[in-house]
1. Give me the residue from the range 1-40 that is among the acidic types (Asp, Glu) and touching a Ser or Thr at 6+ places or on another chain (Cβ under 7 Å) and, out of that set, surrounded by the most Cβ atoms within 10 Å (Cβ to Cβ).
2. Filter the range 90-102 for residues that are surrounded by fewer than 20 Cβ atoms within 10 Å (Cβ to Cβ) and in contact (Cβ under 8 Å) with a residue 60 or more places away in the chain and give the result.
3. Can you tell me which residue is surrounded by the most Cβ atoms within 10 Å (Cβ to Cβ) among those in the range 122-154 that are more than 17 Å from residue 93 (Cα to Cα) and polar (S, T, N, Q)?
4. What pairs can you find where one residue is in the range 5-17 and free of Cβ contacts under 8 Å to residues at least 12 places away in the same chain, the other is in a helix (DSSP H, G or I) and surrounded by 13 or more Cβ atoms within 10 Å (Cβ to Cβ), and their Cβ atoms are less than 9 Å apart, with a gap of 6+ or different chains?
5. Which ones in the range 30-47 are in contact (Cβ under 8 Å) with a residue 40 or more places away in the chain and closer than 24 Å to residue 4 by Cα?
6. Quick check on the range 21-28. Is at least one of its residues at pLDDT 95 or above and either closer than 18 Å to residue 89 by Cβ or among the polar types (S, T, N, Q) (or both)?
7. Looking for something over 23 Å from residue 130 (Cα atoms) and more than 14 Å from the chain's Cα centre (by Cα) - is there at least one such residue anywhere in the range 58-77?
8. Please enumerate the residues belonging to the range 41-62 that are buried (at least 20 other Cβ atoms within 10 Å of the Cβ) and over 16 Å from residue 101 (Cα atoms).
Amino acid sequence: MSSQLRPAIDEDADGIIALIARCYADYPPNVLDVDGEEPELRTPASSFDWFWVLEVNDEILGSIAAANYGDAIEMKKYYIHPKLRGTGQGRKLHEAFLDYVRQQGVHKIVLWTDTRFDLAHKVYTHMGYRPTGQSRELHDISETTEFHFEMTLA
C-alpha cells in the first residue's frame, strides 16, 4: 500500500466528497448535501485555514482540516475510510494536524461531532479530547445533533 500525507488542493474536492459520503453511509440517515449544506467542500484548500489529505494508491482515504478562532483551533472534516480504520493511518493524519496547531501557538482544540458517530467519540476520547457536555442541532437534511469536544495541549 502506497500512502501519501499531503496538503489538499482544490482539485481534491471530488475525492474528499466521495470519502465523506462513504463515511456518512455508515450512519443512516446521514446524507452529504454538498451544494445545499457544505459547499466549502468544492474548494477545500481555499475554504479552510489548513486542510490535509491521506492518499492511498491515488485515492483519498483520509482528510482533516482546521479553522482558526483566535485562542482555539477547530478540527474539521476528520474522516478515515472504513478500510483504513485501525491501521494507524488516522493517527498520522491527526499528528499532522497537531503539528499545525502547535505551529500556530494555540493550546486549545475544539471539535463538533455527530451524536451518531459512536466510534469517533471513542477515538477522540482515546486521543485526549474530552466532551464538554454541550450539544447543538444543525437543522440540516440529516437532522444532525452534534456533541462538543475539546482538548488543551501542554
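The values are calculated or read from the model by the stated rules, or taken from the named source; none is laboratory data. All values derive from a computational prediction rather than experimental measurement. We place every Cβ from the backbone using ideal geometry, glycine too, and count neighbours over all the protein chains shown.
1. Step one: list which residues in the range 1-40 are among the acidic types (Asp, Glu), which gives 10-12, 14, 26, 33, 35, 37-38, 40.
Right, trim to touching a Ser or Thr at 6+ places or on another chain (Cβ under 7 Å) and you get 10, 40.
On the way: 10: 13, 40: 17.
Among those residues, the one meeting the criterion is 40.
2. Result: 92, 96.
3. The extreme case among them is 144.
4. 11/45
5. As a first pass, look at the range 30-47 and keep what is in contact (Cβ under 8 Å) with a residue 40 or more places away in the chain: 30-31, 33, 36-37.
Passing the criteria: none in range.
6. There is at least one residue in the range 21-28 that is at pLDDT 95 or above and either closer than 18 Å to residue 89 by Cβ or among the polar types (S, T, N, Q) (or both).
7. So far as the range 58-77 goes, yes, one or more of its residues are over 23 Å from residue 130 (Cα atoms) and more than 14 Å from the chain's Cα centre (by Cα).
8. Within the range 41-62, 41, 44, 53, 54, 60, 61, 62 meet the criteria.
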